[in-house]
Amino acid sequence: MRIVGKHETKLEIFCLPSSTFNLSLNPSPYLCAMQKIGILGGGQLGRMLLQAAANYPVETFVMENDEECPAAHLCHHFIKGDIKDFDAVYNFGKNLHAITIEIENVNVDALEKLEKEGVKVYPQPSVLKIIKNKILQKQYYQQYSIPTAEFVITNNLKELEDHISFLPAVHKLGEGGYDGRGVQILKSKEDLSKAFNTPSVLEKLIPIDKEIAQMVAINEKGETALYPPVEMLFDPDLNLLDYQLCPADLSTQTIYKVEAIALTVVRNFRSPGIFAVEMFVDKKGDVFVNETAPRVHNSGHHTIEAHYSSQFDMLWRLMLGYPLGNTDAILPSIMVNIIGAEGCNGDVKYEGLEEVMKIENAFVHIYGKKQTRPGRKMGHVTIMSKEKQDLLHKSNKVKHTLFSKT
Ligand code: AIR
């Protein structure tokens, strides 16, 4: 191996010159392994993805507008830039081997150009185009006969008024919403003031028994790996995840349905990547797709400690061309989001952290966001235990002990 001089890049440390082993021009990726991979977005998902990257021969790049974002200090190269801007995304990606996203709201045209020029994009831009627009996403489910709640499209408030008989329903902004933003429940005509005046989906309210999520990884060869489905409980006021249980309490028959539907969703995208398929189970045991995220997701955070290969580890395996990981649970788990407290806006202080760290098998993740805001995801805690009662008891304790305040 060569001694690396100051003028040489890190890349050369691991990328042995092909003449050393008399390799062809296209050496095995396992020998010339230091790939350059970029992440668009620098929030908590990017941060946890980078934590997992530390195990592998990969040089990481992050682009995000905020230099103080959670992922900024964990990557090899941070580039300040607007992930929604064509030139910024194109220039960021053009010298990379591969690029992924940790939020959907990115410039897809630039990703398409990069893909044409040979940069691998996870998920492919064609998938992002469908998923980042809730209208196209619903039409995709229709196209592949994937069960989903009945819906109509409303381009403005005037059109919405023609569908009063469709209420109660959920109004979802076509583009740009996340973490409960861009979603309004419209029970009756009186709620129309909350509705969106831009292209949106109006979706029938389903009598939900359970809300679940199924994570699926799919590689270039089309091989898939499924994590056990998780069950989600929401804070009805904030429309944000309250806590999440793994495995979901479902009959074997329902699990089969959930897996089959999730695989139909993912396979028809014809793109490698990791996907979180969010679904509703109604009182009769029928399963409906709510929406899909084509990336690492909140519903997979527990996999960091509670599963052999985490969702973050899995995405690196996929992108680096390694075998898929083991999705089995080590132990059942529950995950509690730490959400910015109501009425608190400003520099964050955590209350109850030490108390929570005394709980056996509770794993704390603080995302490093400088500012707390009501409803903002500031961290999460995963608890592992053989007993469901123990999980529920401990998660309740976390919820009533740990706060993100000012
Ligand atoms: N995210 C992306 N889509 C949904 C969510 N929750 C994550 C990403 C993104 C971060 O939330 O990691 O970067 C943004 O969080 P915030 O609190 O800055 O809005």
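Using the structure shown, decide if K221 is outside any loop (DSSP other than H, G, I, E, B) and either outside the structural domain of N105 (by TED's automatic domain parsing) or without any contact (Cβ under 8 Å) to a residue 60 or more places away in the chain (or both).
Numbers: outside any loop (DSSP other than H, G, I, E, B): no; either outside the structural domain of N105 (by TED's automatic domain parsing) or without any contact (Cβ under 8 Å) to a residue 60 or more places away in the chain (or both): yes.
Against the criterion (outside any loop (DSSP other than H, G, I, E, B) and either outside the structural domain of N105 (by TED's automatic domain parsing) or without any contact (Cβ under 8 Å) to a residue 60 or more places away in the chain (or both)), K221 does not qualify.
Suppose we keep only residues that are touching a Pro at 6+ places or on another chain (Cβ under 8 Å) and within 24 Å of Y144 (Cα to Cα) within the stretch 284-309. Which one would you say is farthest from the ligand (Cβ to nearest atom)?
D286
Condition test on E291, is it over 20 Å from T327 (Cα atoms) and within 21 Å of the chain's Cα centre (by Cα)?
Details: over 20 Å from T327 (Cα atoms): yes; within 21 Å of the chain's Cα centre (by Cα): yes.
Yes: the conditions hold for E291.
Quick test for you: out of C75, C69, pick the one residue that is more than 17 Å from N298 (Cα to Cα) and near the ligand (Cβ under 8 Å from one of its atoms). Reasoning before the result, please.
Working: C75 fails: near the ligand (Cβ under 8 Å from one of its atoms).
Among C75, C69, only C69 is more than 17 Å from N298 (Cα to Cα) and near the ligand (Cβ under 8 Å from one of its atoms).
From V277, V296, grab the single residue that is in contact (Cβ under 8 Å) with a residue 12 or more places away in the chain, aliphatic (A, V, I, L, M) and in contact with a Phe, Trp or Tyr (Cβ under 8 Å, 6 or more places away or on another chain). Step through it out loud before you land on a result.
Numbers: V277 fails: in contact with a Phe, Trp or Tyr (Cβ under 8 Å, 6 or more places away or on another chain).
After ruling out the rest, the residue left standing is V296.
Kindly check whether there is at least one residue in the stretch 111-127 that is modelled with pLDDT of 95 or more, assigned to a loop (DSSP other than H, G, I, E, B) and closer than 26 Å to K257 by Cβ.
yes
Being touching a strand residue (DSSP E or B) at 6+ places or on another chain (Cβ under 7 Å) and over 28 Å from P247 (Cβ atoms): is that true of E175 here?
Values: touching a strand residue (DSSP E or B) at 6+ places or on another chain (Cβ under 7 Å): yes; over 28 Å from P247 (Cβ atoms): yes.
When the stated conditions are applied, E175 passes them.
May I ask you to verify whether L96 is part of a loop (DSSP other than H, G, I, E, B) and of a type outside the set (F, W, Y)?
For L96, the condition - part of a loop (DSSP other than H, G, I, E, B) and of a type outside the set (F, W, Y) - is met.
Just to be sure, is L160 assigned to a helix (DSSP H, G or I) and over 19 Å from L205 (Cα atoms)?
The answer is no for L160.
Looking at the stretch 259-287, which of its residues are touching a Ser or Thr at 6+ places or on another chain (Cβ under 6 Å) and surrounded by fewer than 19 Cβ atoms within 10 Å (Cβ to Cβ)?
G285, the sole residue that qualifies.
Among the residues that make up the stretch 354-365, is at least one of them in contact (Cβ under 8 Å) with a residue 40 or more places away in the chain, outside any loop (DSSP other than H, G, I, E, B) and in contact with a Gly (Cβ under 8 Å, 6 or more places away or on another chain)?
So far as the stretch 354-365 goes, yes, one or more of its residues are in contact (Cβ under 8 Å) with a residue 40 or more places away in the chain, outside any loop (DSSP other than H, G, I, E, B) and in contact with a Gly (Cβ under 8 Å, 6 or more places away or on another chain).
Considering only residues that are more than 16 Å from the ligand (Cβ to nearest atom) and either assigned to a loop (DSSP other than H, G, I, E, B) or under 19 Å from the mean Cα position of the chain (by Cα) (or both), which ones fall in the stretch 270-283?
The initial filter retains those residues of the stretch 270-283 that are more than 16 Å from the ligand (Cβ to nearest atom), namely 270-272, 279-283.
If the condition is that a residue be more than 16 Å from the ligand (Cβ to nearest atom) and either assigned to a loop (DSSP other than H, G, I, E, B) or under 19 Å from the mean Cα position of the chain (by Cα) (or both), then R270, S271, P272, M279, F280, K283 are the ones that fit.
Could you list, ordered by first residue, the pairs with Cβ atoms under 7 Å in which the first is in the stretch 121-144 and in contact (Cβ under 8 Å) with a residue 12 or more places away in the chain and closer than 17 Å to P199 by Cβ and the second is aromatic (F, W, Y) and buried (at least 19 other Cβ atoms within 10 Å of the Cβ), at least 6 apart or interchain?
From residues that are in contact (Cβ under 8 Å) with a residue 12 or more places away in the chain and closer than 17 Å to P199 by Cβ, the pairs are I130/Y140; K138/F151.
Can you say whether H7 is at pLDDT below 95, surrounded by fewer than 23 Cβ atoms within 10 Å (Cβ to Cβ) and away from the ligand (no atom under 16 Å from the Cβ), as far as the supplied structure shows?
Criteria met by H7.
For the stretch 39-57, does any single residue satisfy the condition of being outside the structural domain of R270 (by TED's automatic domain parsing), among the aromatic types (F, W, Y), surrounded by fewer than 17 Cβ atoms within 10 Å (Cβ to Cβ) and away from the ligand (no atom under 14 Å from the Cβ)?
no
In the stretch 366-402, what count of residues is obtained for those that are assigned to a strand (DSSP E or B) and either among the polar types (S, T, N, Q) or not assigned by TED's automatic domain parsing to the domain that holds E342 (or both)?
Within the stretch 366-402, the subset assigned to a strand (DSSP E or B) is 366, 371-372, 377-384.
Keeping just the survivors that are either among the polar types (S, T, N, Q) or not assigned by TED's automatic domain parsing to the domain that holds E342 (or both) gives 371-372, 382.
Number satisfying all stated conditions: 3.
The values are calculated or read from the model by the stated rules, or taken from the named source; none is laboratory data. None of the values given here were measured: they were computed from a predicted structure. Neighbour counts are summed over all protein chains in view; Cβ atoms, including those assigned to glycine, are modelled from backbone coordinates with ideal geometry.
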